[in-house]
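Novice: Would you mind keeping the following structure in view while I ask a few things?
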Amino acid sequence: MQPSDWAQAFEDKLKPLWLSAIGGDNTAYEQALELIASRLRGYFARRLQAMPSEVEDLVQETLMAVHLKRATFDPAYPVTAWVLAIGKYKLVDFWRRHERTGDLHDDIDQVGANELVASEPDEGTDHDLAVLLQTLPLAQRTSIELTKLQGMTAVEAAKESGMSVSAIKVNVHRGLKSLSKLIKQ
Amino acid sequence: MKTSNLIHLLATNSEPVDPRAVTKSLAWPLGLGLLASVLLSALAIGVLPAEAFVLPAVWVKFVYGVALALSLVALLSRLYRPGAPTQPVIKWPLLTLLVMTLIGFAYLMFTPESQRAAVIFGRTWLACPWFVLGLSLPALAALLWAARQLAPTDLKTTGFATGLLAGAIGALGYSFACPETSLTFVAIWYTAGIVLAGLVGRAVGPVVLRW
């Protein structure tokens with residue numbers, strides 16, 4: 001297959017899933033995010049060849065951004081173009097953060113042995129999800145735990161916690177934003 | 001953490017997306033900014049007497065402000081969306097600026113030479129750009145605040161375009177109070193104020209719009 005055929009085939013797989021997802025189909029959303037993660041992995045791996053251990057962290061940071069900024073997607077354009085534009089923005093941000101500490105200038109002989117080995121493709125370097133959730137303010141943590149870990153709807157979670165439905169929704173959003181800041185390297 | 005765990009977290013019970021989010025993020029700041037611009041202009045400077053609104057100059061100012069604002073809304077709607085092409089819409093604000101410049105130039109050419117300096121400088125050329133800038137600030141603050149929900153990938157350009165839009169709103173408010181009738185004056189000094197607002201937006205954008 002030509003590279004452009006592959007890209008089109010990928011978009012043809014992703015777009016219908018994504019359109020269902022933003023309409024509220026969470027099963028389609030999970031599948032779409034898995035596809036997006038694999039695409040981002042390839043995108044970052046090519047551009048971070050000197051730092052393969054950073055790839056998965058960037059994938060996760062970009063996935064959070066994809067989730068938080070879903071409202072900026074325009075169905076008139078390809079999903080892949082939108083996803084990669086977000087990825088590029090996060091990559092540029094990554095370079096900006098790492099320029100100051102001189103991370104880019106490691107001599108290959110001085111790189112530790114554990115950094116030379118590529119980590120599990122699916123595993124970020126730090127930040128256990130459960131640990132991160134514990135650091136969130138109570139309202140945000142509760143909202144996320146009830147709706148996303150225990151799978152309750154917003155209405156059920158409101159009953160369980162005593163918060164209003166809108167407070168649950170607002171705190172889920174804020175909690176994800178906080179998580180997003182925490183997983184930035 | 002494992003990425004698949006993060007994905008599962010994000011996908012579980014996620015809220016459907018509001019398809020009008022970008023539109024809303026422009027609409028309320030513009031409404032609020034315009035209201036503030038007109039009110040401040042009326043209170044701080046004073047609305048022109050009713051007779052002034054018969055003159056074409058006031059209406060040229062209104063049309064200029066509205067045309068510029070609409071063309072910048074079209075541009076910003078793209079700038080807020082990662083990957084959306086801006087090339088097709090960049091021509092509209094540029095065209096609006098060009099047309100106003102040509103109108104100002106033509107007005108100057110049709111003015112007898114002895115009156116040209118008055119037509120260029122009027123009585124308020126020094127103050128006008130700063131009034132336009134000042135009146136644009138509420139719109140600028142509101143627009144930048146709303147833009148934080150969105151995802152502009154070019155922060156300097158987005159800041160600049162946001163500033164220009166706020167400037168157009170400032171210019172619209174100033175049109176209610178500005179005594180000048182020369183179209184050359186409008187082309188030069190209103191534009192100067194709008195560009196000043198653009199520069200403020202461009203400076204502040206990379207700080208405020210980061211996500």
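FYI, it's all coordinate maths here, none of it is from the lab. Model, not experiment: these values are computed from the prediction. So basically every Cβ, Gly included, is an ideal-geometry build from the backbone, and we count neighbours across all protein chains shown.
Novice: Could you size up the charge dipole of the protein assembly as shown around its Cα centre, putting +1 on the beta carbon of Lys and Arg and -1 on that of Asp and Glu, and report it in debye to the nearest 20?
Specialist: Around 1300 debye, computed over the protein assembly as shown.
Novice: Can I ask one more? Given charges of +1 on the Cβ of Lys and Arg and -1 on the Cβ of Asp and Glu, with all other atoms neutral, how large is the dipole of region A:126-185 about its Cα centre, in debye to the nearest 20?
Specialist: Numbers: 8 positive and 5 negative charges, 59 e Å.
Roughly 280 debye, rounded to the nearest 20.
Novice: Compute the signed sum of charges (Lys and Arg +1, Asp and Glu -1) over the other residues within less than 14 Å, Cβ to Cβ, of B:A161.
Specialist: Net charge around B:A161: +4.
Novice: Let me ask something additional. For region A:126-185, restrict the atom set to alpha-carbon positions and state the Rg and Dmax in Å.
Specialist: Both quantities, over Cα of region A:126-185: 11.2, 36 Å.
Novice: Now a separate question. Determine the shielding of peptide A:71-84 by partner chains: average, over its residues, the number of Cβ atoms on other chains within 10 angstrom of each Cβ.
Specialist: Values: counts 13, 15, 9, 9, 1, 2, 6, 1, 1, 1, 4, 5, 2, 2.
That average works out to 5.
Novice: Across region B:162-174, in residue order, what do the Karplus-derived ³J(HN,Hα) couplings come to in whole Hz, using 6.51 cos²θ - 1.76 cosθ + 1.60 with θ = phi - 60° and x for Gly and Pro?
Specialist: Along region B:162-174, the couplings run 5, x, 4, 4, 4, x, 4, 5, x, 5, 4, x, 5 Hz.
Novice: Provide the packing ranking of A:153-166, B:133-146, i.e. peptides ordered by the mean count of other C-beta atoms within 10 Å per residue, highest first.
Specialist: B:133-146, A:153-166
Novice: Continuing with the same structure: Could you tell me the number of lysine pairs in region A:126-185 with C-alpha atoms less than 23 Å from each other, where the two lysines are 8 or more residues apart or belong to different chains?
Specialist: 8
Novice: Okay, moving on. Using R₀ = 35 Å, calculate the FRET efficiency as 1/(1 + (r/R₀)^6) where r is the Cβ-Cβ separation of B:L55 and B:W28; round to 0.05.
Specialist: Numbers: r = 32 Å, r/R0 = 0.93.
With a Förster radius of 35 Å, E is 0.60.
Novice: How would you order B:182-192, A:78-88 from highest to lowest mean count of nearby Cβ atoms within 10 Å? Intermediate results must be reported in sequence, preceding the final value.
Specialist: Details: B:182-192: 23.5, A:78-88: 21.4.
In descending order of packing, they fall as B:182-192, A:78-88.
Novice: Moving on to the next point. For the protein assembly as shown, what is Rg from Cα atoms divided by 2.2 N^0.38 Å, rounded to two decimals?
Specialist: 1.20
Novice: Still on this structure, I have one more. For A:M152, what residues show an amide H to amide H distance below 5 Å, using hydrogens built from the backbone and excluding near sequence neighbours?
Specialist: Under 5 Å from the amide H of A:M152 lie the amide H atoms of A:T147, each far enough along the sequence or on another chain.
Novice: A further question on this structure: Ignore the peptide's own chain and count Cβ atoms of other chains within 10 Å of each Cβ in B:92-100; give me the average, rounded.
Specialist: Counting other chains' Cβ atoms within 10 Å and averaging over B:92-100 gives 0.
Novice: Next question, about the same structure. Mind checking A:26-37 for the average number of partner chain beta-carbons within 10 Å of each residue's beta-carbon?
Specialist: Neighbouring Cβ atoms belonging to other protein chains average 4 per residue here.
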